[in-house]
Amino acid sequence: MDHFTAALDKLDSNLWNYYLPVPVDISEAIIAEQKDRRVICTLNNKLEFQCALMPKGDGTYFIMLNKSIRDKLKLTLGITVDVRLKKDESEYGLPMPDELAEVLASDPEGNDHFQALTPGKQRNLLYIVGKVKSSDLRIHKALVVIEHLKKQNGKINFRQLNEELKTSNRKF
C-alpha cells in the first residue's frame, strides 16, 4: 500500500475539478506494476473508494474528488489530505450492483453484450445503475440499460440511452 499526503487542488478545466496530486514516484510504481491505473483510495483513514490515476498531461497523475467525497470529509481547497492507495483487484473497478448482476444472470444475450464492452464502458453502466439509492430504481435502470445493449447489438449510444432512461422514468 502506498501512502502520502497531498493538498486538495483545483484544475482550471470544464471537465475536471478538484483533485489530489499523486507523487511521481508513487504513480510510476503503480503504473509499472499493473496494466491499468485502477486503485482503491483511502482518505484520512475514513473513506475508501475505487478510482483511477488520471493523467494530467505533463507526466504527472492525480485522483479526482467529487463533491460527495469532499462534503463527507469536509475537504476544502488547499487542505492537506492523508492518502493511501492500493491496487484495485475487483473485476470491474466499481461495485457491481446486485440488481444489475441479477438482470445479467437472467439474460444471457444481455450478459454477452455487457461482457464484450470495454472495461470503461462497463464501468459507465455500473455507475449509471449503481448511483441511485432505491433498489427498485436500480432494477428499472438495469433493465433499461440491458435492453438498450440488446437493441443496439452490443453498442452504447449514450445520448439515446439517456433518452431511454428519461422516458422510462416517466413511466416508472
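In the stretch 98-171, the alpha-carbon atoms span a convex hull of 82 Å³ per residue. Against the chain, whose longest principal axis comes from its Cα atoms, helix 158-171 is set at around 60 degrees.
Using only Cα coordinates, the Kirkwood hydrodynamic radius of the stretch 2-87 works out to 13.0 Å. Taking the number of Cβ atoms within 10 Å of each Cβ as an exposure proxy, the fewest-first ranking of Leu125, Leu47 is Leu47, Leu125.
Seen from a random direction on average, the alpha-carbon convex hull of the stretch 40-161 projects onto 9.3 square nanometres. Between Gln34 and Lys74, the distance separating the two model label sites (each 7 Å from Cα on the Cα→Cβ line) works out to 3.1 nm.
Taking a straight line from the alpha carbon of Lys121, these lysines sit under 24 Å away, with near neighbours fewer than eight places off in the same chain left out: Lys35, Lys56, Lys67, Lys86, Lys87, Lys131, Lys133, Lys141, Lys150, Lys151, Lys155, Lys166.
Readers should treat all values here as calculations from the given coordinates under stated rules, not as data from a laboratory. In this text, all values refer to a predicted model and were calculated from it rather than measured experimentally. Positions of Cβ are backbone-derived with ideal geometry, glycine not excepted, and every protein chain shown enters the neighbour counts.
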